[in-house]
Amino acid sequence: MIIAERKPIKELLEMLAGHDKVLLVGCKGCVTVCNAGGVKEVGVLASALRIARRRQGRPIEIDEMTLDRQCEPEFISWLEEPIREKGYTAIMSAACSVGPQYIAERFDKVAVMPALNTKFIGGTLEHEVWAEFCRACGNCGIHNFGGLCPITRCSKGLLHGPCAGSSGGKCEVRPEVDCIWHLIYTRMKNLGQVEKLKALKPAKDWSSYWSGGVRRVVREDLTL
Amino acid sequence: MKAGSNLERILKSGQFAITAEFVPPATGDRELIERQALYFKGHVDAANVADNMGAVVGAASCAVSKVLLDLGLEPIMSLVTRDRNRIALQSDLLGASLLGIRNVFCTTGDHQKFGDHPEALNVYDIDSVQLVNAVRGLSDSGKLLGGAGCDKVGSFFVGAAADPFGEPADLMILCLGQKVRAGADFIQSQPVFDLEKFGHWVRLAREEGLIEKCSILATVMPLRSAREARAIHEERRGVEVSRDVMTRLEGVLEPEQAQEGLKICAEQMQALKEMKGVQGIHIMSAGREEVIPELIKKSGLETARAKG
């Protein structure tokens, strides 16, 4: 899933300067699972912002609404009526950055701002800890590395083993992170596939990544 | 002889080579580079011109290599894959060929987190093994990675790095094998303080049949003080200062530790010279190039050919 994290209140207050009537929109997708932008977090954030603005001597009116998913235009339509009726000057989106962009493209009279920082594609490691697992290079080859991704999980994206910064099975760039090459090697050994690692890998074709321009997936078999 | 460099001639004829790290400062002053070169010229067989070492900005390795060539000091142009993609790296290689640079050294480069621009975006389009392969393609068949051919590209003598101290040892040998298979002619190791452990790695490399295919240069690093030794040991991953070295440095008073460090280093150089499978020494002086001549003199490894 997409992992996101709420921006600091101070930054959000700076974004909201000059706005007195705002709609804070959450999302029930990934950001609910990673406790960043679900119904509960939207409620907590709205209260925090109201209190802070009252203290600043310029109270703000914040309505709350959480959509099933902000990455789906159909759900964005649910905002049409409140935006038309309530006269908000700004919409603050607590979704991954797809949400605020959809809202910005749909409503040309209101300011749109992100409440979250979209961090990465990842998973849960333990309660309240998430880690990155995929860089979305667009051409998955993890089967060559025992099912683990060196493109994402090596700080240098190395395809031919660890650098000298790997020590005690940890990465020098972020010592709390495992050196993925350590894990890949252990796993390949267990699978009896170390020989496979000896092969030279050609320079990766990054055209399926963002390097190939803004990406799009078209499924002709699904078109109506 | 393929590339026709001095380093290639020495290593291929089975002689013992001495190289040293030349770290270009962040300068546009040619005189500064020329003064720094005095510590190398006539003392070493070739100088590795670092490519923004430690992710700290310095003058371009390609340009500094040319300055050294003009001075009659043979450069080994370093290229790291951290800052440039395959287009820029191959362009630099063609530029190097035009300038008469014959040795190149390929590494991935230290992560920018440790440098003077930690907020920079990195590249890592290709890794060091793939860069070695790219140099080989250009050098041996005049071919770019994209498939197009190039006219009159000079041949290169290609180097790469290896870590004899990483764990597990099997994986370190596997990594070395990949570099050799990609076409590395010579290897410069991570700094050696533990000769026994290094010797074990060389033995494993020999058993894998890798020593016949490339020349191994052991890197040494003269230590200035016990404090520096501890800091390097603790902070620089991939470098382990052995207990013996630490004890000897701690055994003398602080003002004498720099001399003791040089002495230890010179002794290590002598021992490494005798080690089977080791074909040269690479000196990494960590910003103290002025000690290079004295260190080589102390080690007794002065090379007559370099002086000529």
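The values are calculated or read from the model by the stated rules, or taken from the named source; none is laboratory data. Computed from a prediction, not measured in an experiment: that's the story for all the values here. Please note: Cβ atoms are built from the backbone with ideal geometry, for glycine as well, and neighbour counts cover all protein chains shown. Calculation scope for accessible area: heavy atoms of the full protein, side chains included, ligands and nucleic acids excluded. Shrake-Rupley method; radii C 1.70, N 1.55, O 1.52, S 1.80 Å.
A compact table of results
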| item | result |
| --- | --- |
| Estimated dipole of chain A in Debye, rounded to 20 [Cβ of Lys and Arg +1, of Asp and Glu -1, Cα centre] | 700 |
| Leading residue at positive end of dipole, chain A (Cβ point charges), from A:PRO100, A:GLN193, A:PRO8 | A:GLN193 |
| Candidate aspartates and glutamates - alpha carbon under 18 Å from A:LYS170, same-chain residues fewer than 8 apart omitted | A:GLU132, A:ASP178, B:ASP110, B:ASP163, B:GLU167, B:ASP170, B:GLU234, B:GLU235, B:GLU240 |
| Signed unit charges on C-beta, dipole axis of chain A, positive-most listed residue A:VAL22, A:GLN56, A:ILE180 | A:ILE180 |
| In degrees, nearest ten, helix B:169-182 long axis to first principal axis of chain B (Cα) | 30 |
| Computed over the protein assembly as shown, Cα set: Rg, Dmax in Å | 28.2, 90 |
| Other-chain or far-sequence residues with amide H under 5 Å of A:SER93's (modelled H) | A:VAL25, A:MET113, A:ALA115 |
| Surrounding net charge for B:ARG243, when Lys and Arg each add one and Asp and Glu each subtract one, Cβ distance under 13 Å | -2 |
| Buried solvent-accessible surface, both chains (B, A), 1.4 Å probe, Å² to nearest 100 | 2400 |
| Under 14 Å, Cα to Cα: Lys pairs in region A:2-119, sequence gap 8 or more or different chains | 5 |
| Nearest-0.05 FRET efficiency for B:GLU294 and A:VAL218, computed from C-beta distance (R0 51 Å) | 0.15 |
| Per-pair calculated FRET efficiency, R0 = 51 Å: B:THR27 and A:ASP68 via Cβ, rounded to 0.05 | 0.30 |
| Calculated FRET value between B:ARG35 and A:ILE51, using beta carbons and R₀ = 60 Å, to 0.05 | 0.40 |
| Inter-part distance where region A:1-59 and region A:68-138 are each reduced to a Cα centre, Å | 12 |
| Over 21 Å between alpha carbons, listed pairs B:LYS179/B:LYS263; B:LYS2/B:LYS179; B:LYS197/B:LYS273; A:LYS189/B:LYS197 | B:LYS179/B:LYS263; A:LYS189/B:LYS197 |
| Distance (nanometres) between label positions extended 7 Å along Cα→Cβ at B:MET246 and A:CYS134 | 4.5 |
| Hydrodynamic radius (Kirkwood) for chain B, which is based on Cα pairs only, to one decimal in Å | 19.6 |
| For the protein assembly as shown, calculated [θ]222 nm from helices alone, where every DSSP H run of n ≥ 4 adds -39500 (n - 2.57) | -10500 deg cm²/dmol |
| Within-15-Å neighbourhood charge of A:GLN193 [Cβ basis; K, R +1; D, E -1] | +3 |
| Rounded D (µm²/s) - region A:81-122, Kirkwood Rh over Cα pairs, Stokes-Einstein at 4 °C, 1.567 mPa s | 118 |
| Unit charges on C-beta of K, R, D, E only; dipole of the protein assembly as shown, Debye | 560 |
| Accessible area of region A:2-119 belonging to carbon and sulfur atoms, whole % at 1.4 Å probe | 51 |
| Solvent-accessible area per residue, Å², over chain B with all protein chains present [probe radius 1.4 Å] | 41 |
| Debye, to nearest 20: dipole size of region A:135-202, +1 on Lys, Arg Cβ, -1 on Asp, Glu Cβ | 120 |
| Surface share of carbon and sulfur [accessible, 1.4 angstrom probe, percent] for chain B | 51 |
